[in-house]
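Worksheet: the structure to be examined is printed underneath.
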Amino acid sequence: MQDSLIKLLLGIDMLQLRLAKLLLQKLVLYEEAAEQMFEVGSPVNVPRLIMNQFCWLDHIVDSKKLCHEVLEMLAAMSTLEVRREVIACIPDMVEDDEHTMMSQKLSEILLVDSELTVPILDALSNLHLKPELLDEVRARVLGTMASVRLDDLAVVVRFILQGVACERPEKALTVVAELREQLDFETIFSTSVSSTPEKEMLAKDQAERGSEFLILDAIKSSVRFQKSVGDAWFKAIENVSTAANHKIIDLLVLLMLHATTTRGKAVEGLFRSKIRRGHFTELLLQSTFAAHASVVREYVHSVLAVAEVLLRSAEPLISYFACSMYTQAFLNFDAYCQQEIVSSLVTHIGSGYASEVDASLDILRDLVEKNLQRIVKFSMFVTGLLDYLDNLSLPQIRKLYWVLSALALRGPRESQAANDLLIVVRKQLSSGEHKYKRMGVMGALMVVGNLARSSSLDQTLSQTAPETHVPPDRMRMLQSLLATGARSCSSDAPASLSMYEDEGVTPGVTRGAVERMPRVTGDGGVTKTINGLPLSLELRYGIEEEPSQTEEDTPSIALNLLPLLCTGAGQTTSRGGSEKARQSLLCLCPQFRLLQICEKSVSGNLDMIDALLVCPLYLTSDNELEVDNFRMLSSEDKQLVCTALFYAANFFREVVRKSKVEKDVQASGSKQTKADDTQVVVDSSPDDSNPSAPDKQDDKPKVAGSVEMDQYRQYLREMDLDVLTLLKHRLVAGEGTDEDRRAHARKFAWRRPAELNFLVKDLVQKLDHVLLSSSSQHRVFLKTAKKFGFGHLDQLSASDVATATVGLLPALCSHVEFISAHFQDIIARNDGIVDGPGMDTTESKTMLEILNSIMHAFTAVINWNGFLRTENQTLLREALAVFSSRVDFTETTQRAPLQDLRRRSFSYFEALADSALDLQAAVTLTKLLTGFTRDNERGGMLSERSGMLSERLVTLARGFLCREWVGGNGQREHGARCNDNIRLLLLVYLEHTGDRLSAIEGITTEGVSELLEEESDGCSGRWPTLSRASFPVYYRIMMAEVVRNARRAATANEESVEEQLIQWSMSVRILHVLISFIKAFDSRPNLATALKYGRQFVEVFLRQAMPLLHRTFRSHTADVQTILKKLQLSTRFMQHMCSHSKVMKDVSLTNHVPPLKKCLETLIYRVKALLFYNKCTDAFWLGNLKNRDLQGEEILSQVSMTTEAETEDMDVTELASDDDSEVELEDVEAGKPNGKKRERQSDDDDSDSCSETY
């Protein structure tokens, strides 16, 4: 193609400048009427034609003058489009020498006119910029991002990232971190409600979605083709230390890295780490998926891959986050993705791992419960799970049948799936195998519940009647299933019948279904007559005074427990009667539960069965339970007595489930007595309950002591959540006999310490099971600990449990205040002595257990991760208002800001620090106070007043660490549990303190120095919790904190060079002090800690500190030299630890040696390179370290026998008195050699010796 006439004329040197000036002047004239110049033909962009003449000229006579002319014309123009055309042609018309000047001018224009952002950045991208100028331009662009138009944001992001690949890793990290701070998708793409018409809003949403795609595409392109950019993004997200600072862009970029790079494993590991620390919250996940579903949809396979890995985690909190990922993805993605999600969940259920199966079933149940219309079209995938019933446990089968029956019966229309499900259930009910019969029972009950519920929903939607009733056709189906289940279980399967009755009335069954329920309860357990038995009988645990055993004084109704048990054992009747009696006992509690629920549903109260609620039991007398008498019984009789007590405890646990706080104090006191009896039965269980236990000879008769019942939890009946309303009763303690206080408590509905402790422990177990927090314990991989006794609780949601618990908070606070006042009164009577008289009594110990348990319950509630959800913020406010009202009750307490409520709650519990009488109580209180220093709205630290609360928490934790804790035996607390409590206190102390290195230095100078002067069983005077037994705990935490602080110092780019050098100098100094402690504390745990964290510190030093030392060596020579010399002392001793580990031949220690030696060798060459780069090679000399033990003695197996070598060695070993390392760093100034390079070879020729070069 031939050039135009104008371009040919511009090639003539004589005409070039004049013609160029003329053309630019004409450009100003034509800028407004450019497209109307020609009357025919298509519009012509004359400014673009003019500027194209200047592009790619073979020769420019005066490039600088031409650039000035262009800039003058650019300033004189007013039309935006023409200015864009001029700027776009600048890279093609200027020579390389003018790139710097043009870049500066364009960046200045960028600050003034944001509308020219896109053409200016495009032009700058094609200009050659010096690094300094590029940094300046990039800083200007980053400063103007807040005012950049949404359409131009993608170009800005692309420009900022294009030059990052050529930068140093730390510089690239800084740029990406600044860009990440500016990309706040929550504010850029806001979803606020507007009065704009719907069409305009739709167009705006589409435009925003397009801009969002372009921004992420710019990031994806840079990440895919520039590895350093991906590394910088990964590191920038990893360095965010609080949940409040995390943004939506973090999740999007991580999914992008997982999908487009080979960092899949690293991304999954970062997800786990962030979730474990509480940085990634459910609120952040919900915001990302709800507001940016179209973008996340592009990475659906990465979403499923990450969720799959997280769901298989051994930590409940991580698994819960994966459940939220699946749920949010299903709610916000299209049908194709929803099908993939359901298929993935089905795969998880078929995996066979209990935790994975439970989590997947919970997701399906939640989706069916809240989004039935969306998931019902994928029911065919779920139906296939019927083939895997053999691999599921009974609770899992319950969940699966609930899901299947809901999909089949509560969908838009019943289909063949309902008939198939009923066929499977009936087939299992008719099976002769107990396993399949129980499956059928569970399936039938779930079908009945969903049948009734679907009918109730239909009636509610149609609003045809004020009361909901089951339609006749469904009632017939319901009755048929119930009758079939009863017939299949009543004859030869008492265990199945027990389960059938226990689950007999589901929450979905309405009153009409209850009225028509078949009668399956038996009457063999309640009688007025007793048979002759080999054991003495006594009517016990009645509400009223226990009557005598004469015929006329016998109460109208009593539970014939022990006689039935003897009958079941075959001692009094035939085999048929024995079997019937055994079945009656097995079904006693389930029948009673079913009877209560039916009576409550039909009559609305329990008046018709009042006598059964208060009836006594026929049990063995107290005389039989005395130790001497109990040992004289036969093995069969011992078994009968223990089994009778077991059945009695289960019966009382079932009776008390419907005991609620009533206005009538006497009635309430009567009902609560059964709760008393439950604890009495447990306490009366004989120690010698094992018939095979050897007899113990003792001159004094003893009464049997209590038995620890936690190990039998799986055999005891579960107490429902409503039983815990008994906690609202007042606590009573003080003088008087136990019977007097029990009668007084019964009269006024008060609780005794033992009874309250029984109820509070049950509450704590329930909360630990349901309410998840960031402190949840790990599950053992592939060996998930089975949690028994929560079958009914699992049918409630976590929100229901939290709501019920918040209702109990006022009563629990009253108990805490009562116990605190009790202890303070004892301390005051003992003139301030904590462990004085009155503290070692059984009552005081029980009350201390209650205090610990209540604090544990408070901690579980406050740290519940469900408070991160918006719908639970009101419940959180209610809980905090309860605590705040105990300090400062006003009418505006409920309306106060959450931060003020947290501050008042913190003050309330902080005042209870003096009542923490043991180390466990102190740890529980510290955990609770730590929960108040976090903002559950975003999961991070409080934005205001957090410093004040943290300082108060640090003071409290330090006070606990500096207190001497004495156990019940009068000795200082020790052991594994004590060390774990100390670990938690020390972690809180160091985490919330302002200067962690100074805190560690204070512990080393005050505590450890005093410990070195004490005996083997002594402790530090100012830090009593620091002893030789607890030193490994202190040492491990301090070493780990030094490493973490080094990593934080490496990412603190806002600090000046002097501040960074000070931080590194302090870190190296403290490392040397900690490493030197190994000489006095040379146990294997301490050695392993020093080797592990010593290597990690050297790795961080190589990666982050050495580049800093390279840059600052000439300007801060003395500081750099001090850091290297101090680090040299630590590396010497690390070499000695390596040699010692090899001599000891301890595998756990020698595993750390190779990576540590590799790091030390790398450090050698990095220091040598530093000195060579700064022309200080004469300050460096080489030598071989001798292999020495921890005390500095040379290892005998490697002592040279050459006298001449020893003599030569004496000339150069004038180093520190505690080490003979042949390593030296001369005092030098940068670039000024201070002496001659020295080299020597020691007499140590062992191949394991390590060379150091400094």
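Name the one entry in 1140, 1136 that is closer than 12 Å to residue 1084 by Cβ and in a helix (DSSP H, G or I). 1140 is the lone residue from the list that is closer than 12 Å to residue 1084 by Cβ and in a helix (DSSP H, G or I). Residue count for the stretch 226-257 under the criterion of being outside any helix (DSSP H, G or I) and either farther than 17 Å from residue 283 by Cβ or among the aromatic types (Phe, Trp, Tyr) (or both): the result is 3.
Elements of the type helices (runs of 4 or more DSSP H) sitting completely within the stretch 996-1065 and holding at least 1 residues that are within 19 Å of residue 1092 (Cβ to Cβ) and not aromatic (Phe, Trp, Tyr): these cover 996-1002, 1031-1051. When restricted to residues that are open to solvent by 10 Å² or more (accessible area, probe 1.4 Å) and at pLDDT 90 or above, the stretch 344-354 contains 3. Where residues in the stretch 144-175 are polar (S, T, N, Q) and open to solvent by less than 40 Å² (accessible area, probe 1.4 Å), which of them is farthest from the chain's Cα centre (by Cα)? By that ranking, first place goes to 144. In the stretch 1039-1053, the residues that are at pLDDT 80 or above reach residues that are open to solvent by 50 Å² or more (accessible area, probe 1.4 Å) and in a helix (DSSP H, G or I) with C-beta atoms within less than 7 angstrom, at least six apart or across chains, in these pairs: 1041/996; 1045/996.
Per this entry, residue 1107 is counted among residues that are surrounded by fewer than 18 Cβ atoms within 10 Å (Cβ to Cβ) and under 28 Å from residue 1065 (Cβ atoms). When the residues of the stretch 324-358 are narrowed to those that are within 14 Å of residue 368 (Cβ to Cβ) and of a type outside the set (Val, Ile, Thr), which ends up farthest from the chain's Cα centre (by Cα)? The residue in question is 338. Scanning the stretch 1021-1040 for residues that are closer than 25 Å to residue 1059 by Cα and crowded, with 22+ Cβ neighbours inside 10 Å gives 1038, 1039. If you take the residues of the stretch 363-381 that are under 17 Å from residue 344 (Cβ atoms) and in contact with a Lys or Arg (Cβ under 9 Å, 6 or more places away or on another chain), which of them is most open to solvent (accessible area, probe 1.4 Å)? It comes out as 365. Residues in the stretch 713-732 that are within 21 Å of residue 846 (Cα to Cα), at pLDDT below 85 and open to solvent by 30 Å² or more (accessible area, probe 1.4 Å): 713, 730. Quick check on residue 867: is it touching a Leu at 6+ places or on another chain (Cβ under 6 Å), modelled with pLDDT of 90 or more and in a helix (DSSP H, G or I)? So residue 867 fails the test. Here the stretch 1166-1193 is the region considered, the condition is being of a type in the set (D, E, K, R) and at pLDDT below 75, and the residue that is nearest to residue 1109 (Cα to Cα) is 1178. One residue stands out among those in the stretch 1077-1087 that are open to solvent by 30 Å² or more (accessible area, probe 1.4 Å), out of contact with any Asp or Glu (no Cβ under 8 Å at 6 or more places or on another chain) and in a helix (DSSP H, G or I): the one that is modelled with the lowest pLDDT, which is 1079. Each residue in the stretch 1134-1183 was checked for being closer than 18 Å to residue 1121 by Cβ and of a type in the set (Lys, Arg), and 3 pass.
Out of the stretch 294-320, which residues are farther than 18 Å from residue 213 by Cβ, open to solvent by 10 Å² or more (accessible area, probe 1.4 Å) and either assigned to a helix (DSSP H, G or I) or among the hydroxyl-bearing types (Ser, Thr, Tyr) (or both)?
Within the stretch 294-320, 304, 305, 308, 309, 313, 316, 317, 320 meet the criteria.
No other residue among 440, 512 is modelled with pLDDT under 50 and either part of a helix (DSSP H, G or I) or on the phi < 0 side of the Ramachandran plot (or both) apart from 512.
Identification of helices (runs of 4 or more DSSP H) wholly contained in the stretch 1-73 with 2 or more residues that are modelled with pLDDT under 70 and open to solvent by 50 Å² or more (accessible area, probe 1.4 Å) yields 13-30. Figure legend. Inter-residue proximity from the stretch 220-241: first residues under 19 Å from residue 1049 (Cα atoms), second residues of a type in the set (Lys, Arg) and assigned to a helix (DSSP H, G or I), beta-carbon distance below 8 Å, spacing 6+ or different chains. Indicated pairs: 233/180; 236/180; 237/180; 241/1048.
Of all residues in the stretch 328-343, those that are part of a helix (DSSP H, G or I) and open to solvent by less than 20 Å² (accessible area, probe 1.4 Å) total 6.
Residue 105 meets all of the listed conditions (1) touching a residue at least 24 places away in the same chain (Cβ under 8 Å); (2) open to solvent by less than 60 Å² (accessible area, probe 1.4 Å); (3) not polar (S, T, N, Q) but one, namely (2). Inspect all residues belonging to the stretch 767-785 and state whether any of them is open to solvent by 30 Å² or more (accessible area, probe 1.4 Å), at pLDDT 85 or above and out of contact with any Pro (no Cβ under 7 Å at 6 or more places or on another chain). Scanning the stretch 767-785 turns up at least one residue that is open to solvent by 30 Å² or more (accessible area, probe 1.4 Å), at pLDDT 85 or above and out of contact with any Pro (no Cβ under 7 Å at 6 or more places or on another chain).
Residue by residue through the stretch 127-143, note down the ones that are open to solvent by 20 Å² or more (accessible area, probe 1.4 Å) and either among the hydrophobic types (A, V, I, L, M, F, W, C) or in contact with a His (Cβ under 8 Å, 6 or more places away or on another chain) (or both).
Once the filter is applied, which keeps residues that are open to solvent by 20 Å² or more (accessible area, probe 1.4 Å) and either among the hydrophobic types (A, V, I, L, M, F, W, C) or in contact with a His (Cβ under 8 Å, 6 or more places away or on another chain) (or both), the stretch 127-143 yields 128, 129, 134, 139.
If you take just the helices (runs of 4 or more DSSP H) that sit entirely in the stretch 543-619, which of them hold at least 3 residues that are modelled with pLDDT of 80 or more and open to solvent by 50 Å² or more (accessible area, probe 1.4 Å)? No helices (runs of 4 or more DSSP H) qualify here.
Regarding residue 178, is this residue in a helix (DSSP H, G or I) and out of contact with any helix residue (DSSP H, G or I) (no Cβ under 9 Å at 6 or more places or on another chain)?
Criteria not met by residue 178.
Contact annotation: residue pairs with Cβ atoms under 9 Å, 6 or more positions apart or on different chains, pairing a residue in the stretch 269-291 that is on the phi > 0 side of the Ramachandran plot with a partner that is aliphatic (A, V, I, L, M), are 278/243; 278/317. Under the condition of being at pLDDT 90 or above and of a type in the set (Ser, Thr, Tyr), the residues counted in the stretch 870-883 number 0. Within the stretch 232-290, the residues that satisfy the criterion of being farther than 23 Å from residue 934 by Cα and open to solvent by 40 Å² or more (accessible area, probe 1.4 Å) are 235, 259, 262, 265, 266, 290.
Scan the stretch 796-818 and tell me whether some residue there is at pLDDT below 85 and either within 35 Å of the chain's Cα centre (by Cα) or open to solvent by less than 30 Å² (accessible area, probe 1.4 Å) (or both). Yes, there is a match, as at least one residue in the stretch 796-818 is at pLDDT below 85 and either within 35 Å of the chain's Cα centre (by Cα) or open to solvent by less than 30 Å² (accessible area, probe 1.4 Å) (or both).
The values are calculated or read from the model by the stated rules, or taken from the named source; none is laboratory data. All values derive from a computational prediction rather than experimental measurement. Reconstructed Cβ throughout: ideal geometry from the backbone, glycine too, with neighbour counts over all protein chains shown. All accessible areas refer to the heavy atoms of the entire protein, side chains included, with ligands and DNA or RNA removed. Shrake-Rupley method; radii C 1.70, N 1.55, O 1.52, S 1.80 Å.
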